[in-house]
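To start, the structure under review is shown below, and the notes come after it.
The values are calculated or read from the model by the stated rules, or taken from the named source; none is laboratory data. For clarity, every value in this text was computed on a predicted model and none was experimentally measured. Here the Cβ is made from the backbone with ideal geometry for all residues, glycine too, and neighbour counts use every protein chain on show. The area values use the complete protein model at the heavy-atom level, side chains included, leaving out ligands, DNA and RNA. Shrake-Rupley method; radii C 1.70, N 1.55, O 1.52, S 1.80 Å.
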Amino acid sequence: MKKTDGNNAKIIKDYRLPDLLINLMMHLNFWMLLFIMFIMSHALWGYIHEGSALSFLMNSKLIPDRPFEPILSAGLLYASLLLLLTTETDQGIQFLFKLLTETFIVIILSRIMSFSYMGMFLMIIANLIRRPTGKWNRNITFVLVGICYFLLESQILSIWIPVTSLSDYLSYYRSDYAKIIQGMINVGKLLNVFLFMCYMFFMVRIQMSENERILSLNEQLREANVKLEEYSVKSALMAQTSERNRLAREIHDTIGHSLTGIVTGIEACIMLFDTNGELVKEQLKAISEVAHRGMEDARRSVRALKPDGLENMSLDLAIEQMIDEMRRSTGIHFHYDCSVKLRDNFGDDEAEAIYRTVQEGITNSVRHGKPQDIWVTISKADGKLNIIIRDNGAGCPDFEKGFGLSHMEERLEMLGGKIICDGNNGFLLQAEIPIRWGTEVD
């Protein structure tokens, strides 16, 4: 991007020289116009005062106007020409009318100057080059203006348009003076052509710079497209990976939790089978409820929705129901203490993170620790929700985070939270979750 801005600045800077050159051409043509008109008027006054006007008229093809009338007319016409050259018009009829008017004014000015100077046509051509037009329209206008310039410069039009030639006016002066005047006019012509050629040179250079800039932009665009395609492929792969991990978490959290409760309950039934049949029957009913809910959660996971309990009830009731089902199916004593009103205060992502954290913490304790008691505490401090799950099971001093804890950690990190685990005395899981509390809760 910086490279492109640099090219733009360079092109803007380069346009200053063509603008300066065309301004110099305008000034030069103005002074050439005044100079030629002054020579013609001075010679005409001289013929009148010397009494040789008759011989001048006999050699002339046309009776000239009063001395100061051509000067006034030429000044007004040149001012009109400059106004047209500096006026912007839309493409089409307006542009064509403006061009024809400019050409007509230059022809009239050339006739007033006896077709002795046609440098003003170069200003029209220079203005056409600077103006962005269609290639076909630009070529046509160049041809038309070029033909007019050739006809006037070669003085072919003087065959059909009678004028008093400049040489008739210069005959009034001594031959050496006449040569100096003619030389000054020729120098003006050459200087005007030189300015025009310089203008053309810089415009061609600017056009080349613009072409290079376009090529550079095309190359940058091509590279950007390649990078965009690569990014699109990577994004698709990342999305697939993210979705796969999310579904894995969902399946682990639901089916894993349910199966843990079922396995633990069945183990309890095996131990009680020979001693207390009624208790076994009650335990099997609780296991059946857990299995049915696990099946519902599995269907919900396939649909990639939030936990089934959160779809049908508030967060606090869903957690209480989950703990009660686990207590009934496993026979473990649960001690649940929540000092926060978990009702309609959290976003969906926050509610699911809280629910899954409690679920995974309980599942880990039941599956690995074989405890008799599990304590679940939920509290609020410093704008954060704290979840503590501990048990009096076997513990695990050298535990490694498995699939469940790893994905729980990923889930909490997405919310800016964290977990701390300790397996030295039973097992302790502590989660800290920054919450967008919405309406303030106790």
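Quick notes on this structure:
- Extension gain (nm, one decimal) between Asn386 and Glu69, 0.36 nm per residue minus Cα-Cα: 104.1 nm
- Cβ-derived FRET efficiency at R0 30 Å, Glu219 paired with Glu409, nearest 0.05: 0.10
- Hypothetical label at His42: residues of the stretch 172-193 whose amide nitrogen lies under 18 Å (7 Å Cα-Cβ projection): 172-189
- Spin-label pair Met197/Thr377, simplified geometry with 7 Å Cα→Cβ offset, distance in nm: 9.6 nm
- Take the Cα of Glu210, step 7 Å toward its Cβ, do the same at Thr275, and the gap between the two points is 9.7 nm.
- Listed residues Met208, Met123, Met238 arranged by accessible area, highest first, probe 1.4 Å: Met238, Met208, Met123
- Heavy-atom accessible area with a 1.4 Å probe sorts Val193, Val233, Val340, largest first, into Val233, Val193, Val340.
- Point-to-point label distance, Lys98-Cys396, nm (Cα→Cβ direction, 7 Å offset): 8.2 nm
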